[in-house]
1. In segment 144-261, which strands (runs of 3 or more DSSP E) lie fully inside it and hold 2 or more residues that are within 13 Å of the ligand (Cβ to nearest atom)?
2. Looking at segment 166-180, is at least one residue touching a Ser or Thr at 6+ places or on another chain (Cβ under 6 Å) and under 25 Å from THR239 (Cα atoms)?
3. Residues that are in contact with a Cys (Cβ under 8 Å, 6 or more places away or on another chain) and among the small types (Gly, Ala, Ser): which helices (runs of 4 or more DSSP H) entirely in segment 279-328 hold 1 or more of them?
4. Just to be sure before I move on: is ALA132 of a type outside the set (S, T, N, Q) and within 14 Å of the ligand (Cβ to nearest atom) in the structure I sent?
5. What number of residues in segment 293-304 are of a type outside the set (Val, Ile, Thr) and open to solvent by 20 Å² or more (accessible area, probe 1.4 Å)?
6. Output the number of the condition that GLU135 fails; it satisfies all remaining conditions of (1) surrounded by fewer than 21 Cβ atoms within 10 Å (Cβ to Cβ); (2) assigned to a strand (DSSP E or B).
7. Can you confirm whether segment 278-286 contains a residue that is among the charged types (D, E, K, R) and more than 23 Å from PRO123 (Cβ to Cβ)?
8. Which members of segment 80-94 meet the condition of being part of a helix (DSSP H, G or I) and more than 11 Å from the chain's Cα centre (by Cα)?
Amino acid sequence: MKITRLAGLFAASALGGAIVAGDAQAQDTRFISMGTGGVTGVYYPVGGAICRLVNMDRREHGIRCAVESTGGSVFNINAMREQDLEFGVVQSDVQFNAYEGNDPWDDEPFEELRAVFSLHAEPLTLVARADAGIEHLDDLPGNRVNIGNPGSGQRALMDTLMAEKGWDHGTFSLASELASAEQAQALCDNMIDAFAFTVGHPAGSIQEATTTCDTVIVPATGEAVESLVEQFPYYFPATIPGGMYRGTDEDVETFGVGATIVTRGDVDEDVVYTFVKAVFENFDTFRDLHPALANLQPEIMVTQGLSAPLHPGAERFYQEQGWLEEDS
Ligand code: GLU
């Protein structure tokens, strides 16, 4: 009995030793979370692709990356500010306005915001029911339009566009605030006539709407759009390719922003270095993980569409690659 107990004790302490060693390793693991968007957008699968690449080598570097589906760009900025997320996917206009402290962050610049790299283009995509008689942005007034949930980048962009047009919520017979994952079903259930989504292509949400019911993607052009493109560096004219979605065979002219990855200045330099290294050292794999990424080029991703200062961990890697001047 005594011997058994001793043996048991010995076994327990050996196990204890193993647990302690395991704990020491676990303490070394650093967890990072990335805020994305709705599950049928592009941010969410692209965030998943990035985390998968980071996690591939997690035994070497001890960093474990996880993605969260969120309300979008503005939500991601606010959550990063609250220290709830370390990384976020955000529109280039949202990055600019958060760093500068412009609307909706009036007078409260997010000084710790740091740029990591830019991603795909996100054209403003206006999807209307085919039976709604909407052929252009200018036909939206008087209709039921989903202008986006308040945490989303499309809502930030629509608020700017509506102000430029002299429109407000009363311009529409209904201005709904559905999240991107809900808008396709609302359109096809005839709860709304159109929705606005700032998103890369092809996007799950647009595929869902255009294959579930008869729809048309309509242009967003005209004086107000031209004026915005002229006034702000982060807006550019954009085209949604004809034939990509059912019901829209011709190219659609619109304008858009870029998607970008951001972090905070206090996120460890080695973590950000490891994060960007995982993406750029596996770049072909990364590009193949989502069709919206097909045209990305590293040199452009690290120099364009970014307005907050680059995070030093990202900068170090880009300089090593010769994509940035050593003293830039
Ligand atoms: N651009 C949208 C936003 O900032 C998200 C698009 C997506 O989910 O891919 O909220």
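The values are calculated or read from the model by the stated rules, or taken from the named source; none is laboratory data. None of the values given here were measured: they were computed from a predicted structure. Cβ coordinates were reconstructed from backbone atoms using ideal geometry, including for glycine residues, and neighbour counts include every protein chain displayed. Surface areas here come from the heavy atoms of the whole protein model, side chains and all, with no ligands, DNA or RNA. Shrake-Rupley method; radii C 1.70, N 1.55, O 1.52, S 1.80 Å.
1. Fully inside segment 144-261 and qualifying: 194-198.
2. Checked against the condition, which is being touching a Ser or Thr at 6+ places or on another chain (Cβ under 6 Å) and under 25 Å from THR239 (Cα atoms), segment 166-180 yields at least one hit.
3. Because the criterion is at least 1 residues that are in contact with a Cys (Cβ under 8 Å, 6 or more places away or on another chain) and among the small types (Gly, Ala, Ser), no helices (runs of 4 or more DSSP H) in segment 279-328 meet it.
4. Answer is no for this residue.
5. So the answer is 6.
6. Condition not satisfied by GLU135: (2).
7. yes
8. Result: MET80, ARG81, ASP93.
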